[in-house]
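This report refers to the structure that appears directly beneath it.
The values are calculated or read from the model by the stated rules, or taken from the named source; none is laboratory data. As the structure is a prediction and not an experimental result, all values here were calculated from the model. Positions of Cβ are backbone-derived with ideal geometry, glycine not excepted, and every protein chain shown enters the neighbour counts.
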Amino acid sequence: MHRYVNPQISTLRAQLKEPVQFLEVEIREKPPGFLLRHIADRDRNVGELQDLALDNLATWADSTLRGAFRPNKAAPSLRTGWCCHLATEADLAVALDQLYPGALADWYAWEMGVAEVTSFRDFMARQTGMYRSTQNLTDTQADQVATAGCDSSLCLRRRCWPTPGLGAAPAGPNLSVPCLEPCALLLEFARWTARQARETIQSLPVTEAERATLVAALEYSLAHPPEDVREGDTRNPANPRRIRQLRNRLKADQSESRPNKEA
Ligand code: SF4
């Protein structure tokens, strides 16, 4: 009988040494099939982990440990404590697609040199209705949106689409799953930023030490995000993309306003 060989999986296996890490999942060969688990569980006994069936992976990936919905499956918030035994390459391809919809196909297209990337500007130029305002973002604002919105603390895909000033994010040493165009979360964040750009800027005189305190408070919030904040809710002041963007702006202002001691 002819055995079906999934080209995406065979390429993945041929290019990488075992165990393969795909976003937050470790893939090990376990003849005659494969064993999947969270990378944080790689040193735990498989017997301690909840054995998930292939059909349950999508549900598992839908929510965080705290029960919050995960709109971006590439966010570094996949629950730990599970494993999944798979019999074939075809099952492995399905499993990865359940955990990370579209990620294997994007990775394969990138590896084959046929992936189509849409730049920030080209993507926003297609927007209509309430998202049309994203076309008004300046180059600096577009860069700020990508820097804060696609930070690795929020998303593990590599941003391959360029912004006006930043280009694409550099490739790391390990396998990276490309992001080929802005996602819905990023689009919503860009819309929110465009709306803020129309607001009156209020001045708040602070000393450099006070600015440092503000940055420290924002960083603490990023490290300890409130449990009730939905990732896609840009109306919530505690949205992590909003906080990260403000933190980045304060830090940039801080380095610009610091007197040059060598001058
Ligand atoms: S646009 Fe940014 S946040 Fe959205 S999937 Fe791509 S890299 Fe991740």
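Details
To keep it simple, each residue is scored yes or no on (1) in the same structural domain as R230 (by TED's automatic domain parsing); (2) at pLDDT 95 or above; (3) surrounded by fewer than 16 Cβ atoms within 10 Å (Cβ to Cβ).
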residue: V20; (1), (2), (3): no, no, no
residue: V25; (1), (2), (3): no, yes, no
residue: F34; (1), (2), (3): no, no, no
residue: Q50; (1), (2), (3): no, yes, yes
residue: W60; (1), (2), (3): no, yes, no
residue: T64; (1), (2), (3): no, no, yes
residue: A74; (1), (2), (3): no, yes, no
residue: C83; (1), (2), (3): no, yes, no
residue: D97; (1), (2), (3): no, yes, no
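- Selected residue (criterion: surrounded by the fewest Cβ atoms within 10 Å (Cβ to Cβ)) from residues of region 147-175 that are out of contact with any helix residue (DSSP H, G or I) (no Cβ under 8 Å at 6 or more places or on another chain) and polar (S, T, N, Q): N174
- Filter result for A184 (near the ligand (Cβ under 9 Å from one of its atoms) and surrounded by fewer than 21 Cβ atoms within 10 Å (Cβ to Cβ)): yes
- If you go through region 50-76 and keep only what is in contact with a strand residue (DSSP E or B) (Cβ under 9 Å, 6 or more places away or on another chain), without any contact (Cβ under 8 Å) to a residue 40 or more places away in the chain and part of a loop (DSSP other than H, G, I, E, B), you end up with L52, A53.
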